[in-house]
Amino acid sequence: MTKDLKPRTQLVHGGTRRSQFGEVSEAVFLTQGFVYDTAEAAEARFVKAGEDEFIYGRYGNPTMRMFEDRIAGVLGYEDAFACASGMAAVSGALLALLKAGDQVVASRALFGSCLYVLEEILARYGVEITLVDGTDNAAWDAAISDDTDVVFLESISNPTLEVIDLKHVCQVAHAHGALVVVDDAMTTPVFSYARKCGADLCVVSTTKHVDGQGRMLGGIIAASRDLIRGPIEAYMKHTGGAMNPFTAWTHLKALETIDLRVRAQADTALKLAEALNGHPKLNAVRYPTHDAHPQCELARAQASCGGTVLAFDVKGGKQACFAFLNALKVIIISNNFADAKSIATHPATTTHQRLPDDQKATLGITPGLVRLSAGLEDAEDLIEDVLQALEVI
Ligand SMILES: *Cc1c(COP(=O)(O)O)cnc(C)c1O
């Protein structure tokens, strides 16, 4: 019904189902199960549940379904499955599609837990993993073959903000019959181009921009109806990674404001990058669509905006970097991003601590690297905060 409407309208109305009471704000259905009028009705539902017919909370729930339909519409996919966290979505999508003997080609610059799922879990189950430099199209061309089953990547990598030529990777993967799974946390659902570039599945940690206020963990797998109600739902409903209905409800309400929030945060992130670029105490400032980013043209060709996170390298390594972080007055030190509160993270000692030093170096996770997530505060206060903290070094 809302399919032809523009994204901002879909974010407010998409997927809405009203109960017999005609409530304005979506209802939260905190129920584990559902009642059947007769034994025959229960039997029929287990054979094939119709539209808006539910069986058990682990399989689906009306509030969850509203959220799935709303976000699927915004990401441009037919359907979606709501998961307990971003990692439940990433691991669910991969484990649902793969079996022993299959091959995955993935970009090397991945979120730490995604790397763990590939290198420790999938490898243990006999899936062959090949990691490539995601920014190098020739590396993808060489690694993907007819033996490849799934290609996995982060469209914009966390924390170094590398940009992948998604259309190219999808074309190569599809030419060899492989499915493309994109982890789209950094791109944000508002600026996602996964569907447009041909990705078969788009996985998003909704903990990030969808919640946007540091409260709930959640994740979504979006894809064609055949994939979602086929292997994805079958895997998720039997392994127990479904989203809690209360989270789905907070996410539904949060989608109503996500476009306004993300645009404001992205605007601030770009302003911060502009204010910091060329600062004498910094080696490099990175924001995907900013001129100083080596792949800014590709980033701009793929999306009108580079997300809500920037990264910069503080001269003087860990000691100088910690002095800078400890001197921040408005920006908080934490390890999440996409919160209304601006957050500074030191990836080398927190989110990516477990990686060996040589791997950190390969990925550009230097001792001076700071990942800065722009919040909803006034941009001038944030710029002033960063500049005064740099003076302390
Ligand atoms: C945060 C994040 C995840 C994991 O999401 P959770 O909701 O914390 O489980 C996965 N991939 C990327 C790129 C992320 O940033």
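At a glance:
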{"item": "Condition met for G307 (at positive phi, at pLDDT 95 or above and surrounded by fewer than 22 Cβ atoms within 10 Å (Cβ to Cβ))", "result": "no"}
{"item": "Total residues in region 341-353, condition surrounded by fewer than 18 Cβ atoms within 10 Å (Cβ to Cβ) and either in contact with a strand residue (DSSP E or B) (Cβ under 6 Å, 6 or more places away or on another chain) or assigned to a loop (DSSP other than H, G, I, E, B) (or both)", "result": "3"}
{"item": "Neighbours by Cβ (under 8 Å, 6+ apart or cross-chain): first from region 203-217, closer than 11 Å to T247 by Cα; second near the ligand (Cβ under 7 Å from one of its atoms) and of a type in the set (F, W, Y)", "result": "none"}
{"item": "Residue identified as away from the ligand (no atom under 16 Å from the Cβ), outside any helix (DSSP H, G or I) and either open to solvent by 10 Å² or more (accessible area, probe 1.4 Å) or at pLDDT 95 or above (or both) among D141, D146", "result": "D146"}
{"item": "Selected residue [assigned to a helix (DSSP H, G or I), open to solvent by less than 50 Å² (accessible area, probe 1.4 Å) and within 30 Å of L227 (Cα to Cα)] from A266, A254, A338, A320", "result": "A254"}
{"item": "Where K167 falls short, out of the listed (1) touching a Cys at 6+ places or on another chain (Cβ under 9 Å); (2) within 16 Å of the ligand (Cβ to nearest atom)", "result": "(2)"}
{"item": "Helices (runs of 4 or more DSSP H) lying entirely in region 1-91 (those with 1 or more residues that are open to solvent by 60 Å² or more (accessible area, probe 1.4 Å))", "result": "7-13, 39-47"}
{"item": "Given (1) under 30 Å from H290 (Cβ atoms); (2) under 18 Å from the mean Cα position of the chain (by Cα), index of the condition W140 fails", "result": "(2)"}
{"item": "Residue among P280, P288 that is part of a loop (DSSP other than H, G, I, E, B) and open to solvent by 70 Å² or more (accessible area, probe 1.4 Å)", "result": "P280"}
{"item": "Filter pass, V392 being within 21 Å of N283 (Cα to Cα) and buried (at least 17 other Cβ atoms within 10 Å of the Cβ)", "result": "no"}
{"item": "Residue that is most open to solvent (accessible area, probe 1.4 Å) [pool: residues in region 113-138 that are of a type in the set (A, V, I, L, M), part of a helix (DSSP H, G or I) and within 16 Å of the ligand (Cβ to nearest atom)]", "result": "I121"}
{"item": "Scan of region 354-375 for residues that are within 26 Å of H209 (Cβ to Cβ), outside any loop (DSSP other than H, G, I, E, B) and in contact (Cβ under 8 Å) with a residue 60 or more places away in the chain, ordered by number", "result": "L363, L369, R371, L372, S373"}
{"item": "Any hit, region 87-103, residues being within 16 Å of the ligand (Cβ to nearest atom), of a type outside the set (D, E, K, R) and more than 20 Å from A234 (Cβ to Cβ)", "result": "no"}
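Matching residues to (1) in contact with a Phe, Trp or Tyr (Cβ under 7 Å, 6 or more places away or on another chain); (2) more than 16 Å from the ligand (Cβ to nearest atom):
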site	(1), (2)
L5	no, yes
Q20	no, yes
F34	yes, yes
T38	no, yes
R45	yes, yes
N61	yes, yes
L75	no, no
S85	no, no
F111	no, no
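The values are calculated or read from the model by the stated rules, or taken from the named source; none is laboratory data. Note that this is a predicted model, so its numbers are computed, not measured. Virtual Cβ from ideal backbone geometry, glycine too; neighbours counted across all protein chains shown. Ligands, DNA and RNA are excluded from the accessible area calculation, which covers all protein heavy atoms including side chains. Shrake-Rupley method; radii C 1.70, N 1.55, O 1.52, S 1.80 Å.
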